[in-house]
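*Asks:* Got a structure for you, questions after.
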Amino acid sequence: MSDLFSFFLGFALAMLFLLRRLKKSHYNAVSSSVFTYSCYLLSENILTRATHFLCLCSFSTNLSSGNFYGLFNRETIRKIVNEERWGDFRLVGFFGSELAPVWMSKILIELKQDPKLALKLFKWAESQNGFRHTTENYCVIAHILFCSKMYSDAHNVLKQLVTLHKSSEYDNTKPFPSCTILDVLWMTRNVCIPGYGVFDELFSVFIELGMLEEAKDCFLRMRNFKVIPKIKSCNILLHKFSKSADGVWAKKFFGDMVEAGIAPTIYTYNIMIGVLCKENDLKGARSLFMRMKETGVSPDVVTYNSLIDAYGKLGELCEAVCIYEEMKASGCSPDIITYNTLINCFCKYEKMPLAFQFLREMKERCIKPNVVTYSTFIDAFCKEGMLEQAIKFFVDMRRVGLTPNEFTYTSLIDANFKVGNIGDALKFVKEMLEATLKLNIVTYTALVNGLCEGGKLKEAEEVFKVMLKDGVVPNEKMYTAFMHGYLKAKRIDDAMRILEKMKENNIGPDLLLYGTIIWGLCNAGRFEDVNVLLDEMKEHNIEVSEVIYTTLINSYFKAGKEIEARNMLKEMQERGMPPTIVTYCSLINGLCRLRYVEEAFGYFNYMKSSGLQPNVVVYTSMVHGLCKNGRVDDAKNVFEEMSEKGLIPDTIAYTPLIDGTMKQGNIQEALDLAKRMTETGVGFDLHAYTCLISGLSKCGQLQQARDLLYEMIEKGVDPDEVVYGCLIRKYQELGNSEEADVLRNEMMERGLHAPVKSELLNKIYEPELA
């Protein structure tokens, strides 16, 4: 007998030692299934005997096993808890035991007929210093509460358990897998009459706490147990997955649901159709739409709206209308969202008359347009440049009692800036602020962009500071607006600082922005900085576009860097990029500037043979280049070819030909060209008048030249020193100093100074073509 006693004593001490070690490593989270729950069940009988023996020692060496159970029978426990005799020696002794957390589940089971007392004891126990409930305790009380229809309390207990498991990762203890909780909950299911609602409750808790991956694992494990969560809970998880960056998780879970035998509801189908529409997988969305109808689930207004929106956004307007017609035919009434979606799609693709048809139809159905409806039309009018109509809608919107939102004001602010109405744009900003509407990033971007385009960089910088104080984070469009403004103002260093600021904020410039910066640097002649940016683009795997190549070719030619321009053309062709019309224009104009007229003519002909139809700018470049190099007859042929192709020459096209013809001494022919300009409605600018007056003056036709001088003044074209200088010099050559003095005085009255001969020679007509 003494040997048996020694055996049990040694075993009990060993179990105590093990429990203490496990307590140190796991109790900070939850004293969960300390050996893993399966091991616990395996050793349950032995551990119970050891625990029985230990408890005897904890209370009194004189107590027998029977006395122990007598002290803790159901009635005794119930009475102690009900009377809140927390200082009872039996309770104190019990909680002094290392095995108290393990035995607590048995006490809770004794109280399962009185769930409120069980919960009371559970809560009191967890408040005791050094005591932590095991996962088993949480699961037992959850079963008891749920079976007693105390669903809210059961939910809170499970939530507390999952939260403790989740928080263990923050206190240097390894968190238990979510399935561990489910396993213990499953193994304790016979505590009460078996019911599986508590498992759905655990599944819902994972979802509520945002533990979506754990919820999915829980679902799969429950499926293995042949216990399936409610469709409502599954739909909530599916909805959560649908809000993620991509729809992979949603599609996978939908498959798991169907595989588990869960019949999708209308809500399930709507979520999945929404996911597929968001991915522009219209084929998949349409297929699921057909499937839901085949299974007897009738589409509702949400289903139809998702499909209409998806087709409309991709420009498949006929399909969108077909869905709309099917919707009405099925007896499903369109709502305000349906009409707003259709109106938005048709406005987006510049089909406003059809958008107005839907507006009329929604009014016929007694559906009142809301803020979104009005704002959509206002935005469409603004983008079409129909600002007056946009204002009318804005006024009407407020007349019917609707309050404009940030989107409404942003459209009007942007539109006013684009037409140069800076004052009106700022009035809308002020009105927006007075209405206590916060400016968002889109509004701030429109405001900054408008101020920068209007040359009000200082004001734009002030707005930027206010934006940062409001906690609005600048985006790429905001920085691009500043970049454009600084480059336009030739503040290149400020533009480069913006580029560095973007990099500091981890905003990588895109191809468009790189192109803009390179254009600005080329205009400033900072080709070394251009090369740095080109290298940077290569590092970020951003390929140089045709536009950037064309900009570089044009800029290098203008700077007289012929070799670099040719290298850019060669690199462009080696990369398989055929020159565009604009590229040819820059190339032809650049070669003509450098007097490579034959080569330019060769590219001009090659361009036509390769199927590219030269535009007015290309023809004008060719005419100008030929005239400048004395090949006026060839220029006339090119000019006539342009007219034969149905292209209407502009002032820049006529002017070099008039100038070249004048220099040949063909005055009448030049005047005929001028007459042709007038007859075709092409106006004269300063350069055109200068060529005519200079040519007539040189040929001694001073009266005609004087008549043209006063004609240009009458038409609002201000003459410059070159115009006056041509006439003054000719009068002086003819010895008519009196007329020369009259013109000189007239010139001085206009605030112009008399140019010396070298200045006149330097101010020969040189049009900007590309």
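*Asks:* Restricting to region 462-477, name every residue that is at pLDDT 90 or above and either in contact with a Phe, Trp or Tyr (Cβ under 8 Å, 6 or more places away or on another chain) or not charged (D, E, K, R) (or both).
*Replies:* Here is the first cut: in region 462-477, the residues at pLDDT 90 or above are 462-474.
Residues satisfying the conditions are VAL463, PHE464, VAL466, MET467, LEU468, GLY471, VAL472, VAL473, PRO474.
*Asks:* Which helices (runs of 4 or more DSSP H) sit wholly inside region 603-699 and have at least 1 residues that are outside the structural domain of ASP720 (by TED's automatic domain parsing) and among the aromatic types (Phe, Trp, Tyr)?
*Replies:* Details: elements: 616-628, 632-644, 651-663, 667-679, 686-698.
In region 603-699, 616-628, 632-644, 651-663 are the helices (runs of 4 or more DSSP H) which contain 1 or more residues that are outside the structural domain of ASP720 (by TED's automatic domain parsing) and among the aromatic types (Phe, Trp, Tyr).
*Asks:* Hey, can you tell me all the residues within region 78-104 that are of a type in the set (Gly, Ala, Ser), without any contact (Cβ under 8 Å) to a residue 40 or more places away in the chain and in contact with a helix residue (DSSP H, G or I) (Cβ under 7 Å, 6 or more places away or on another chain)?
*Replies:* GLY93, GLY96, ALA100
*Asks:* Return the total of residues in region 560-572 being surrounded by 14 or more Cβ atoms within 10 Å (Cβ to Cβ) and part of a loop (DSSP other than H, G, I, E, B).
*Replies:* Here the count works out to 1.
*Asks:* Something else now. Kindly establish whether ALA524 is in contact with a Gly (Cβ under 7 Å, 6 or more places away or on another chain) and either closer than 21 Å to TYR556 by Cα or surrounded by 18 or more Cβ atoms within 10 Å (Cβ to Cβ) (or both). Lay out the reasoning, then the answer.
*Replies:* On the way: in contact with a Gly (Cβ under 7 Å, 6 or more places away or on another chain): no; either closer than 21 Å to TYR556 by Cα or surrounded by 18 or more Cβ atoms within 10 Å (Cβ to Cβ) (or both): yes.
Criteria not met by ALA524.
*Asks:* Given the structure, is LEU209 touching a residue at least 40 places away in the same chain (Cβ under 8 Å), out of contact with any Leu (no Cβ under 8 Å at 6 or more places or on another chain) and surrounded by fewer than 16 Cβ atoms within 10 Å (Cβ to Cβ)? Please lay out each step first, then the result.
*Replies:* Working: touching a residue at least 40 places away in the same chain (Cβ under 8 Å): yes; out of contact with any Leu (no Cβ under 8 Å at 6 or more places or on another chain): yes; surrounded by fewer than 16 Cβ atoms within 10 Å (Cβ to Cβ): yes.
Taking the combined requirement at face value, the residue satisfies it.
*Asks:* Additional query: When both residues are 6+ apart or on different chains and their Cβ atoms are under 9 Å apart, which pairs have a first residue that lies in region 230-253 and is in a loop (DSSP other than H, G, I, E, B), and a second that is aliphatic (A, V, I, L, M) and surrounded by fewer than 20 Cβ atoms within 10 Å (Cβ to Cβ)?
*Replies:* Once the first residue is in a loop (DSSP other than H, G, I, E, B) and sits in region 230-253, its partners that are aliphatic (A, V, I, L, M) and surrounded by fewer than 20 Cβ atoms within 10 Å (Cβ to Cβ) give SER244/LEU212.
*Asks:* Oh, and also: Given the condition among the charged types (D, E, K, R), surrounded by 15 or more Cβ atoms within 10 Å (Cβ to Cβ) and either touching a helix residue (DSSP H, G or I) at 6+ places or on another chain (Cβ under 7 Å) or not in a helix (DSSP H, G or I) (or both), answer yes or no: does some residue in region 707-717 qualify? Even if it seems obvious, please write down each step before you answer.
*Replies:* First, pick out the residues of region 707-717 that are among the charged types (D, E, K, R): 707, 711, 714-715.
Next, only the ones that are surrounded by 15 or more Cβ atoms within 10 Å (Cβ to Cβ) stay: none.
For region 707-717, residues among the charged types (D, E, K, R), surrounded by 15 or more Cβ atoms within 10 Å (Cβ to Cβ) and either touching a helix residue (DSSP H, G or I) at 6+ places or on another chain (Cβ under 7 Å) or not in a helix (DSSP H, G or I) (or both): absent.
*Asks:* For THR678, are the conditions met, namely being surrounded by fewer than 20 Cβ atoms within 10 Å (Cβ to Cβ) and either out of contact with any Leu (no Cβ under 8 Å at 6 or more places or on another chain) or modelled with pLDDT under 90 (or both)? Walk me through how you get there before you give the answer.
*Replies:* Values: surrounded by fewer than 20 Cβ atoms within 10 Å (Cβ to Cβ): yes; either out of contact with any Leu (no Cβ under 8 Å at 6 or more places or on another chain) or modelled with pLDDT under 90 (or both): yes.
Criteria met by THR678.
*Asks:* From the list PHE482, PHE417, which residue is crowded, with 17+ Cβ neighbours inside 10 Å and more than 24 Å from MET352 (Cα to Cα)?
*Replies:* Numbers: PHE417 fails: more than 24 Å from MET352 (Cα to Cα).
Answer to the selection: PHE482.
*Asks:* Among the residues of region 292-338, which ones are of a type in the set (Asp, Glu) and closer than 18 Å to THR376 by Cα?
*Replies:* ASP309, ASP335, listed by residue number.
*Asks:* Tell me whether region 502-518 contains one or more residues that are over 19 Å from the mean Cα position of the chain (by Cα), surrounded by fewer than 22 Cβ atoms within 10 Å (Cβ to Cβ) and free of Cβ contacts under 8 Å to residues at least 24 places away in the same chain.
*Replies:* Yes, there is a match, as at least one residue in region 502-518 is over 19 Å from the mean Cα position of the chain (by Cα), surrounded by fewer than 22 Cβ atoms within 10 Å (Cβ to Cβ) and free of Cβ contacts under 8 Å to residues at least 24 places away in the same chain.
*Asks:* When you scan region 430-438, do you find a residue that is surrounded by fewer than 15 Cβ atoms within 10 Å (Cβ to Cβ), polar (S, T, N, Q) and modelled with pLDDT of 90 or more, even just one?
*Replies:* Of region 430-438, the ones surrounded by fewer than 15 Cβ atoms within 10 Å (Cβ to Cβ) are 430-431, 433-436, 438.
Checking the rest, the ones that are also polar (S, T, N, Q) come to 436.
Right, trim to modelled with pLDDT of 90 or more and you get 436.
For region 430-438, residues surrounded by fewer than 15 Cβ atoms within 10 Å (Cβ to Cβ), polar (S, T, N, Q) and modelled with pLDDT of 90 or more: present.
*Asks:* Applying the selection to region 427-447, what residues are among the acidic types (Asp, Glu) and touching a residue at least 12 places away in the same chain (Cβ under 8 Å)?
*Replies:* First, the residues of region 427-447 that are among the acidic types (Asp, Glu): 431, 434.
Once the filter is applied, which keeps residues that are among the acidic types (Asp, Glu) and touching a residue at least 12 places away in the same chain (Cβ under 8 Å), region 427-447 yields only GLU431.
*Asks:* Here is a follow-up. For region 375-389, name all the residues that are under 13 Å from MET352 (Cα atoms) and either of a type in the set (A, V, I, L, M, F, W, C) or surrounded by 21 or more Cβ atoms within 10 Å (Cβ to Cβ) (or both).
*Replies:* THR376, PHE377, ILE378, ASP379, ALA380, PHE381, CYS382, MET386 - these are the residues of region 375-389 that are under 13 Å from MET352 (Cα atoms) and either of a type in the set (A, V, I, L, M, F, W, C) or surrounded by 21 or more Cβ atoms within 10 Å (Cβ to Cβ) (or both).
*Asks:* For PHE219, are the conditions met, namely being without any contact (Cβ under 8 Å) to a residue 24 or more places away in the chain, closer than 21 Å to PHE199 by Cβ, part of a helix (DSSP H, G or I) and among the hydrophobic types (A, V, I, L, M, F, W, C)? Explain how you work it out, then say what you get.
*Replies:* On the way: without any contact (Cβ under 8 Å) to a residue 24 or more places away in the chain: no; closer than 21 Å to PHE199 by Cβ: yes; part of a helix (DSSP H, G or I): yes; among the hydrophobic types (A, V, I, L, M, F, W, C): yes.
No: the conditions fail for PHE219.
*Asks:* Which number in (1) more than 29 Å from LYS438 (Cα to Cα); (2) part of a helix (DSSP H, G or I); (3) of a type in the set (A, V, I, L, M, F, W, C) marks the one condition that CYS382 misses?
*Replies:* For CYS382, the failing item is (1).
*Asks:* Just to be sure, is LEU342 over 20 Å from MET432 (Cα atoms), under 28 Å from the mean Cα position of the chain (by Cα) and either modelled with pLDDT of 95 or more or part of a loop (DSSP other than H, G, I, E, B) (or both)?
*Replies:* Working: over 20 Å from MET432 (Cα atoms): yes; under 28 Å from the mean Cα position of the chain (by Cα): yes; either modelled with pLDDT of 95 or more or part of a loop (DSSP other than H, G, I, E, B) (or both): yes.
When the stated conditions are applied, LEU342 passes them.
*Asks:* Output the residues belonging to region 439-451 that are in contact with a Pro (Cβ under 9 Å, 6 or more places away or on another chain) and surrounded by fewer than 18 Cβ atoms within 10 Å (Cβ to Cβ).
*Replies:* ILE441
*Asks:* In addition: Cβ-Cβ below 8 Å, separation at least six or inter-chain, first residue in region 324-337 and charged (D, E, K, R), second surrounded by 13 or more Cβ atoms within 10 Å (Cβ to Cβ): which pairs?
*Replies:* So the pair list comes out as GLU326/TYR304; LYS328/PRO334; ASP335/VAL301; ASP335/ASN305; ASP335/ILE367.
*Asks:* Could you go through region 402-414 and let me know if any residue there is in a helix (DSSP H, G or I), among the aliphatic types (A, V, I, L, M) and under 28 Å from ILE498 (Cβ atoms).
*Replies:* Yes, region 402-414 contains at least one residue that is in a helix (DSSP H, G or I), among the aliphatic types (A, V, I, L, M) and under 28 Å from ILE498 (Cβ atoms).
The values are calculated or read from the model by the stated rules, or taken from the named source; none is laboratory data. Note that this is a predicted model, so its numbers are computed, not measured. Here the Cβ is made from the backbone with ideal geometry for all residues, glycine too, and neighbour counts use every protein chain on show.
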